[in-house]
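In what follows, a structure is listed as structure tokens, so that the remarks can point back to it.
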Amino acid sequence: MAASTPVASPSSQAPHPVRHPTRWVILGVICLAQLTVLLDNTVLNVAIPSLTTEMGAATADIQWMLNAYSLVQSGLLLTAGNLADRYGRKKMLATGLALFGLGSLGAGLSETTGQLIAARAGMGVGGALLMTTTLAVVVQVFDDEERTKAIGIWGAVGSLGFACGPLIGGTLLDHFWWGSIFLVNIPVAVIGLVAVLKLVPESKNPAGDRPDYLGALLSTLGMTGIVFAIISGPEHGWTSGRVLLSGGVGVLIMAAFVLWELRIPYPMLDMHFFRNRRFVAAVMGGILVALGMGGSFFLLTSHLQLVLHYGPLETGLRMTPLALMIVVLNLTGVGARLMTKLGGPLTIAGGMTLLAAGLAVIAWTGAHGYGGMLAGLILMGTGIALATPAMATAIMSAIPPEKAGVGAGVNGTLQEFGNGLGVAVLGAVLNSRFAALLPAVAAGAGSLPEALGEARTAAQRSAVQDAFASGVQAGQLVGAAAVLAGGVVAAFLLRRAERADAAPAAPAGPGV
């Protein structure tokens with residue numbers, strides 16, 4: 001087959017891009033940028049006591065400091081991906097690094113809680129651009145043969161960021177003031193910006209579609225409303241006015257977004273993608289997988305901190321076996337090789353089964369010490385190393401390469417939505433079991449500290465602790481079932497989509 005090189009646009013790197021000579025260096029730059037963003041999702045948690053004493057931050061201020069970043073980032077993911085496809089992924093990656101660095105500077109130098117919340121929101125804008133463009137660039141600079149391994153490394157960095165956030169934050173706070181957790185981002189952002197400008201090739205959608213401003217506005221407002229409801233639910237109650245109002249408005253706006261995208265000739269998110277069985281399967285599977293994993297991580301940190309009584313730094317250290325398994329298996333290419341041999345559906349099913357088994361092991365053996373958790377953490381890390389890159393590959397392969405930014409936005413949105421929903425669902429299981437087992441003296445308490453405050457004797461405090469541990473265990477077992485079901489459903493849908501795509505194999509070629 002004669003390969004004709006398109007002359008019109010250097011960005012039209014369709015399904016089989018030429019191997020870029022510095023692609024692995026580019027991947028390193030991208031992973032560095034992504035690690036900075038993902039660390040910031042967890043690193044602030046360890047600074048809460050310092051912020052409470054040094055800035056006089058109230059509980060509501062702390063909540064907004066934590067949530068402003070994730071709320072803005074998740075609301076802008078689809079829009080950020082569309083901007084990257086239209087105006088250039090390199091430009092948006094550089095812009096994201098610059099905004100993230102400036103936001104970090106503002107956060108580190110903040111003197112009031114309002115300034116810190118605003119700076120965190122600005123960092124969220126940069127984070128949205130970085131989260132979408134990093135994966136989109138990976139799709140552009142790696143061909144089909146190497147892309148799975150590259151996405152595996154990209155995914156491993158994400159898990160490493162989650163596990164290392166408390167560890168790095170705790171280390172910094174042991175030696176410096178709270179602002180250091182933000183200022184440390186600046187040299188990384190500067191190095192990343194210089195490397196992106198020098199090494200990363202520019203790419204964008206060669207079609208030159210008109211910008212969809214209304215679609216961008218609707219998707220941002222809709223996703224922000226939905227994510228705000230998910231974030232607020234555990235604290236204010238799922239039937240509270242703010243949760244019902246923000247969630248209801250978010251759903252209505254997203255419905256308007258779908259109707260608008262169906263009407264216009266240049267949609268931000270082409271709804272015809274949902275006619276592609278592979279895309280639908282990847283989306284549904286992605287939500288189920290993220291739901292199980294997000295809730296599982298929430299319960300895991302609750303187990304280490306509130307059941308086994310480890311501090312944030314100790315918790316980070318004890319999470320490292322999970323992170324190390326993910327990094328080692330993906331850096332050595334084990335996950336990519338298994339996916340090549342087994343295919344995406346079986347790899348996802350196997351990975352999620354291992355993750356579910358790890359959660360079950362922790363639930364049954366980890367109640368009284370860390371030793372019982374270790375085997376579970378290793379199983380969880382192995383499962384995540386296999387399943388997460390396979391799921392991301394399934395989503396990105398179902399979208400045309402020229403829409404890689406939108407695909408990355410969809411992937412990021414699914415992760416944010418599924419993670420939040422997982423925390424909400426499994427958190428509800430924990431709270432329900434906890435409330436049912438509380439001794440009479442603490443009946444009606446809404447949290448572990450509140451229940452312990454109501455207890456009068458050592459026996460009552462022990463009963464409260466046992467009730468909470470039982471709640472965590474119940475949540476972990478439900479989480480294991482959710483993870484297993486998510487993996488099976490995702491694998492089944494993807495396998496069926498692959499068979500449906502292969503069945504009409506005719507000389508005319510694939511349809512959509």
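The values are calculated or read from the model by the stated rules, or taken from the named source; none is laboratory data. Here the structure is a predicted model, which is why all the values come from computation and not from measurement. Cβ coordinates were reconstructed from backbone atoms using ideal geometry, including for glycine residues, and neighbour counts include every protein chain displayed. Ligands, DNA and RNA are stripped out before the accessible areas are found, and what is left, the full protein with its side chains, is counted by its heavy atoms. Shrake-Rupley method; radii C 1.70, N 1.55, O 1.52, S 1.80 Å.
Take the Cα pairs of the range 279-361, get the Kirkwood Rh, then feed it into Stokes-Einstein at 25 °C and 0.890 mPa s and tell me D in µm²/s. Mind showing how you got there, number by number?
Numbers: Rh = 14.5 Å.
Once the numbers are plugged in, D ends up at 169 µm²/s.
Dividing the alpha-carbon radius of gyration of the range 443-498 by 2.2 N^0.38 Å (N being the number of residues), what value is obtained? Write down the numbers at each step before the final one.
Numbers: Rg = 18.9 Å, N = 56, 2.2 N^0.38 = 10.2 Å.
In units of the 2.2 N^0.38 Å rule of thumb, it is 1.86.
Among the listed pairs 91/149; 91/204; 149/198; 149/204, give every one whose C-alpha distance is greater than 21 Å. Can you show the working numbers first?
On the way: 91/149 25 Å; 91/204 10 Å; 149/198 24 Å; 149/204 23 Å.
91/149; 149/198; 149/204, as the Cα separations exceed 21 Å there.
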**Message:** Give me P(r) over the range 63-143, computed from all C-alpha to C-alpha distances, binned every 10 Å, as integer percentages.
**Reply:** 22, 45, 24, 8, 1
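Below 8 Å between Cα atoms, with a sequence gap of 6+, how large is the relative contact order for the chain in percent?
21 percent
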**Message:** Please list, in order along the range 377-384, the HN-Hα scalar couplings obtained from phi with the Karplus expression 6.51 cos²θ - 1.76 cosθ + 1.60 (θ = phi - 60°), rounded to whole Hz, x for Gly and Pro.
**Reply:** 5, 5, 4, 4, x, 5, x, 5
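With an 8 Å Cα cut-off and a minimum separation of 6 or more residues, compute the relative contact order for the range 215-331 in percent. Before the final figure, lay out each step's value.
On the way: 71 pairs, mean separation 21.4, N = 117.
Dividing the mean separation by the residue count of the range 215-331 yields 18 percent.
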**Asked** What is the spin-label model distance, in nm, from residue 171 to residue 481 if the labels are put 7 Å beyond Cα along the C-beta direction?
**Response** 4.1 nm
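So for the range 311-429, Kirkwood radius off the Cα pairs, Stokes-Einstein at 37 °C and 0.692 mPa s: how many µm² s⁻¹? Let's see the in-between values first.
On the way: Rh = 15.7 Å.
Estimated diffusion coefficient is 209 µm²/s.
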**Request:** Mind giving me the nanometre distance, one decimal, between the label points for residue 183 and residue 437, set 7 Å out from Cα along Cα→Cβ?
**Result:** 4.5 nm
**Prompt:** Under 13 Å from a point 7 Å along the Cα-to-Cβ line of residue 332: which residues of the range 369-408 have their amide N that close?
**Reply:** 382
**Complete:** Carbon plus sulfur, as percent of the 1.4 Å-probe accessible area of the chain, comes to 68 percent
**Fill in**
In Å², rounded to a whole number, the accessible area per residue of the range 320-422 with probe 1.4 Å is 33 Å²
**Prompt:** Which of the peptides 275-284, 331-340 is most tightly packed, and how do the rest follow, going by the mean number of other Cβ atoms within 10 Å of each residue?
**Reply:** 275-284, 331-340
**Request:** Consider the candidate values (1) 1.01; (2) 0.96; (3) 1.33; state which one is Cα Rg over 2.2 N^0.38 Å computed from the structure displayed.
**Result:** (2)
**Asked** For labels at residue 259 and residue 452 in the simple 7 Å Cα→Cβ model, what's the distance in nm?
**Response** 5.1 nm
